[in-house]
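Here is the structure we will look at, set down as C-alpha cells.
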Amino acid sequence: MSGKLKIGVLASGGGTNLQAIIDRCLDGSLPVEIVLVLSNNPGAGALERAARAGLPTCCIDHREFDNREDFDRAVVAALQSAGVELVVLAGFMRLITDIFLQAYPGRIMNIHPALLPAFPGLHVQKKALEYGARFAGCTVHFVDSGVDTGPIILQAVVPVLQDDTEESLSRRILEQEHRIYPRAIELFAQGRLRIDGRRVIIDPPLPPEESALVNPPLEG
Ligand code: GRF
C-alpha cells in the first residue's frame, strides 16, 4: 500500500496530458498512483502510452452501449473496482451523465484548451483565433453537469500571435496544459482544494500572480 491518492485517467486521443502526468509520477514530483487508464477509443494513443509505462489499462467502447447512462455505469464500475479516488479527464471526448457525477462528487477534473468561461465546447483554439482574441490558454476545472462549466482550479494564459495557425496556437496551449494539470492534481492530492459554490479555494493559498499581461506589449 503506497498511501498515495489513487487516480484514474480517462482519455480518448493521443494522451500527451496523460504522458505529462506519468512523467511527473515517474520523477517523483507528483505523489499519486495512476491505478487505471481508461479509454472509450480502442485506438487511443493514450492506451499505448499507459501500456508502455506499465500502467493498468481498460477500453470501454461507447459504441457498444445503447445510451450514455449504461456506458457511464460500466466506466464507473471499472473505476471503482480499480479503487480510483480522483477521476482525471484528459481529452476524454464523451459527455458524462449524472450517474458518473454522483459516483464521484467533487472528484472529477477536466482540462479544457481555452480560458473558460470563454470558448466552451469543441475546436476552441480555432474559435479563439477567429474571434481575434489576443490571449488564449487553458483551464483545469472540476466537472459539473454542464459542458465546461465547473469550478475553476487553475488557468494558464498564452498570447495569440499574429501569424498563429490553429496548430501553432494549440501547441502553445498544450505546453501549458502539461504544466498546470499535474499541478492541479498535486493540490488535490495534498487536500488543498475546496469547492465553495463556483469558486475553488486553495488552502493554504498560493502567492498570487500580480503582474498584468498586455498583448501586444505596450512597449516597442
Ligand atoms: C487537450 O487539448 C485537452 O485540453 C483537450 O483535449 C486535448 C487532449 O490532448 N480536452 P492529449 O490527448 O492530452 O494530447
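The values are calculated or read from the model by the stated rules, or taken from the named source; none is laboratory data. Quick caveat, the model's predicted, so the values are computed rather than measured. Positions of Cβ are generated from backbone atoms using ideal geometry, with glycine treated the same way; all protein chains shown enter the neighbour counts.
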Under 9 Å between Cβ atoms, at least 6 apart or on separate chains: pull out the pairs that start in the stretch 194-214 with a residue that is touching a residue at least 60 places away in the same chain (Cβ under 8 Å) and end on any residue that is part of a loop (DSSP other than H, G, I, E, B). 195/106; 195/150; 195/151
Residues (over 30 Å from residue 102 (Cβ atoms) and acidic (Asp, Glu)) located in the stretch 129-168: 130, 163, 164, 166, 167
With the requirement that a residue be of a type in the set (Asp, Glu) and not in a helix (DSSP H, G or I), what does the stretch 79-112 give you? 85
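For the stretch 27-50, how many residues meet the condition of being in a strand (DSSP E or B) and either more than 13 Å from the ligand (Cβ to nearest atom) or of a type in the set (A, V, I, L, M, F, W, C) (or both)?
7
Considering only the stretch 100-113, I want to know if a residue exists there that is within 16 Å of the ligand (Cβ to nearest atom), out of contact with any Cys (no Cβ under 9 Å at 6 or more places or on another chain) and without any contact (Cβ under 8 Å) to a residue 24 or more places away in the chain. Working first, answer last.
Residues of the stretch 100-113 that are within 16 Å of the ligand (Cβ to nearest atom), as a first pass: 108-113.
Right, trim to out of contact with any Cys (no Cβ under 9 Å at 6 or more places or on another chain) and you get 108-110.
Pick out the ones that are also without any contact (Cβ under 8 Å) to a residue 24 or more places away in the chain and you get none.
Within the stretch 100-113, not a single residue is within 16 Å of the ligand (Cβ to nearest atom), out of contact with any Cys (no Cβ under 9 Å at 6 or more places or on another chain) and without any contact (Cβ under 8 Å) to a residue 24 or more places away in the chain.
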Taking the options 90, 20, name whichever one is crowded, with 22+ Cβ neighbours inside 10 Å and modelled with pLDDT of 95 or more. 90
I want to confirm something. Restricting to the stretch 1-17 and keeping residues that are outside any strand (DSSP E or B) and more than 9 Å from the ligand (Cβ to nearest atom), which single residue is surrounded by the most Cβ atoms within 10 Å (Cβ to Cβ)? 4
Give 73, 24 a once-over and let me know the one that is assigned to a helix (DSSP H, G or I), in contact (Cβ under 8 Å) with a residue 12 or more places away in the chain and within 16 Å of the ligand (Cβ to nearest atom). 24
